[in-house]
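These notes are about the structure you will find just below.
The values are calculated or read from the model by the stated rules, or taken from the named source; none is laboratory data. As the structure is a computational prediction, the values presented were derived from the model and not from experiment. Quick reminder, even Gly has a Cβ in these numbers, built from the backbone with ideal geometry, and neighbours come from all protein chains shown. The area values use the complete protein model at the heavy-atom level, side chains included, leaving out ligands, DNA and RNA. Shrake-Rupley method; radii C 1.70, N 1.55, O 1.52, S 1.80 Å.
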Amino acid sequence: MLFRSSSPPLLPHSHPLLGFQYLNPRRRLEPIDLPPTLLDAHFLHFVCSPSRALIIHSQLAPLAFSPALVYEPIPDSCVPASLDALREVLPHIAVFSPNHEEAAAFFGLDVDEVEQRGKAGIESVARRFVEEGAGGAVVIRSGRLGAFGIGKGVSEGGVWVPAYWENGDKVADVTGAGNSFLVSCFSGWWRGRS
């Protein structure tokens, strides 16, 4: 079964940024690995490098499978050297959603500087992805500040969604929070909720 053969992680520290390793060798899943029951899904959410995202996109056409693509970059690929591949894949992505640290890193920006600018700094970085060719929405998950979303053709504005917990004292572990956020958003979107 597909889901039993994925690679579980080990978080050896109490803070997820201090250490992350897989317990088993990572297994790369390909679109061809999707069971037939998932080939009518409305969304496909994947986490990988921009170059891998291009490969995934190219592998979908032969399957006659065209879901809306929801893409999260893996943290170690969020570097200026990956920006060309990101520019190439962005027009094909319905929702691009890095966290604020990953978003800043693509442009070689200092995360502290972006955080010091608060919401305005995050909004500025989001607009840069739109300028780089984002074909759909850019949603930057920003911890205690919430999440900021902006879409193609929107030069001003955008929308902020508040964080569930603004007080970090109540947050024990953020592992999987971004994935849960995106799944919740798109489940609601598909069901017609705003």
Considering each of ALA163, ALA126 in turn, give the residue that is in contact with a helix residue (DSSP H, G or I) (Cβ under 8 Å, 6 or more places away or on another chain), at pLDDT 90 or above, surrounded by 16 or more Cβ atoms within 10 Å (Cβ to Cβ) and hydrophobic (A, V, I, L, M, F, W, C).
-> ALA126
For region 53-71, which residues satisfy the criterion of being within 15 Å of the chain's Cα centre (by Cα) and either open to solvent by less than 10 Å² (accessible area, probe 1.4 Å) or farther than 18 Å from GLY135 by Cβ (or both)?
-> ALA53, LEU69, VAL70, TYR71
Any residue in region 70-81 that's within 13 Å of PHE107 (Cβ to Cβ): show its pairings with residues that are open to solvent by 50 Å² or more (accessible area, probe 1.4 Å) and small (Gly, Ala, Ser) at Cβ separation under 7 Å, as long as the two are six or more apart or on different chains.
-> PRO80/GLY108
Pick from region 131-154 the residues that are in contact with a Phe, Trp or Tyr (Cβ under 9 Å, 6 or more places away or on another chain) and in a helix (DSSP H, G or I): which of them is surrounded by the most Cβ atoms within 10 Å (Cβ to Cβ)?
-> LEU145
With (1) under 16 Å from ARG28 (Cβ atoms); (2) open to solvent by 70 Å² or more (accessible area, probe 1.4 Å); (3) modelled with pLDDT under 90 as the list, and PHE46 as the residue in question, which single condition is left unmet?
-> (2)
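Is region 59-68 home to any residue that is assigned to a loop (DSSP other than H, G, I, E, B) and touching a Phe, Trp or Tyr at 6+ places or on another chain (Cβ under 9 Å)? Walk me through it before giving the result.
Looking only at region 59-68, we keep the residues that are assigned to a loop (DSSP other than H, G, I, E, B), and these are 64-67.
Checking the rest, the ones that are also touching a Phe, Trp or Tyr at 6+ places or on another chain (Cβ under 9 Å) come to 67.
There is at least one residue in region 59-68 that is assigned to a loop (DSSP other than H, G, I, E, B) and touching a Phe, Trp or Tyr at 6+ places or on another chain (Cβ under 9 Å).
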Just checking, how many residues over region 84-102 are open to solvent by less than 20 Å² (accessible area, probe 1.4 Å) and within 11 Å of GLU132 (Cβ to Cβ)?
-> 4
